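Presented below is the structure to which this report refers.
The values are calculated or read from the model by the stated rules, or taken from the named source; none is laboratory data. Just so you know, these numbers come straight off a predicted model, no measurement behind them. Don't worry about glycine lacking a Cβ; one is built from the backbone with ideal geometry, like all the others, and counts go over all protein chains shown. These area figures cover heavy atoms from the full protein model, side chains too; ligands, DNA and RNA do not enter into them. Shrake-Rupley method; radii C 1.70, N 1.55, O 1.52, S 1.80 Å.
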Amino acid sequence: LFGALPVLTTNRRELPPGQTILTIAMPPMPHVLSRAAVAETKWLQLLKLTYQDAAGKTRQWDAVHRATTPAAPLRTSGGAMVRKPDAVAILALLRSKSQQAANVVLVRQFRPPVDAHTIELPAGLIDKGESPAEAAVRELKEETGYEGVVQSSSAAMGLSPGLTSETVSLVRVDVDLDLPANKHPIAEPDEGEYVERIVVPLSELGSELDKREAAGDVIFPALRTFAVGFGLRSLL
């Protein structure tokens, strides 16, 4: 009815009589062609990115990069890249023999870019030579006083990929409240850090975030996402 249909093949000897080869042009893979720093402070760089889009057109994009973190090498094509995270966010679950239901530890601190206090997971930059797991154990101790055991760590994830190159690894840590070191935890924040520790039953996380948000605090989006997912577990 429709006549001879084209056939996609890599061997002309396989071509049936009366049919033609269909050639499909693969679209270009988007990738960054160059970076140029247009402004810089001690901590941040403003970059002008030149990149190729999915249609093969050259475009530009403004982005922020941490000046303390070496930039990832440019890709010569659209292939995958293994990224090293800049920072860790720590999902620390607190348990004891007397209380099997898990608690989660949060931190509250003032963040000048949003001119507000934020409710976040404990977090921090990965020092040179550290793994995400090592950084998580150190940062958890510094910000909350708790000592824990790392259970897992994610690959590098974009925090705000439309604005910044910063990536983070989500590290899950178990904290045994029965250990002597965790009976009366004392935080060890860096100079200039004023961090409030908040311990919340996991089952009450969503309502706690609602309360803090209503009081004017800004919620870390990954934390809100986790709370929503936890709340949906009964529907699955």
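Near the amide H of Ile219, within less than 5 Å, lie the amide hydrogens of Ile119, all on another chain or at least 5 residues away, with H placed in the peptide plane. Annotation: the antiparallel percentage among DSSP beta bridges lying fully within the chain is about 75. Computed from backbone phi, the HN-Hα couplings of the range 205-217 come to 4, x, 5, 5, 5, 4, 5, 5, 5, 5, 7, x, 6 Hz, rounded to whole numbers (Karplus: 6.51 cos²θ - 1.76 cosθ + 1.60, θ = phi - 60°; Gly and Pro given as x). Within the straight-line cut-off of under 23 Å between alpha carbons, the lysines reachable from Lys141 are Lys84, Lys97, Lys128, Lys183, sequence neighbours fewer than 8 places apart in one chain being disregarded.
In this structure the amide hydrogen of Thr164, modeled in the peptide plane, comes within under 5 Å of the amide hydrogens of Val64, none closer than 5 places in sequence on its chain.
For the range 70-167, the Cβ-based charge dipole about the Cα centre amounts to some 260 debye (Lys, Arg positive; Asp, Glu negative; other atoms uncharged). Apolar share of the accessible surface for the range 137-184: 60 percent from carbon plus sulfur atoms, 1.4 Å probe. The Cα center of the range 170-236 and the Cα center of the range 51-127 differ in position by 17 Å.
Computed from the C-alpha gyration tensor, the three semi-axes of the ellipsoid equivalent to the range 109-157 are 22, 14, 10 Å, from longest to shortest. Sequence-distant contacts, meaning Cα pairs under 8 Å at least 6 residues apart, place the relative contact order of the chain at 17 percent.
Heavy-atom accessible surface of the range 64-106, averaged per residue, reaches 56 Å², computed with a 1.4 Å probe. What's the long-distance tail for the range 77-206, i.e. % of Cα pairs beyond 26 Å? Percent of Cα pairs beyond 26 Å in the range 77-206: 24.
Note on the chain: helix-only mean residue ellipticity at 222 nm, from DSSP H runs of 4+ residues weighted -39500 (n - 2.57) and normalised by residue number, equals -4500 deg cm²/dmol. The alpha-carbon atoms of the chain define a convex hull whose volume equals 240 cubic angstrom per residue. Solvent exposure of Val149, expressed as accessible area, is near 90 Å², computed with a probe of 1.4 Å over the protein chains only.
Would you please classify the overall shape of the range 130-236 from the alpha carbon gyration tensor, given that a ≥ b ≥ c denote the square roots of the eigenvalues, rounded means a/c under 1.5, and beyond that prolate means a/b larger than b/c while oblate covers the rest? Taking the square roots of the gyration eigenvalues as a ≥ b ≥ c, the range 130-236 is rounded. Under the convention that each Lys and Arg Cβ holds +1 and each Asp and Glu Cβ holds -1, the size of the dipole of the chain around its Cα centre is about 1180 debye. The value for the range 34-105 of Rg(Cα) / (2.2 N^0.38 Å) is 1.78. The residues of the range 146-190 expose, per residue, 57 Å² of accessible area to a 1.4 Å probe. Summing charges over neighbours of Ala123, with a neighbour being any other residue whose Cβ is under 9 Å away from its Cβ, gives -3 when K and R count +1 and D and E count -1.
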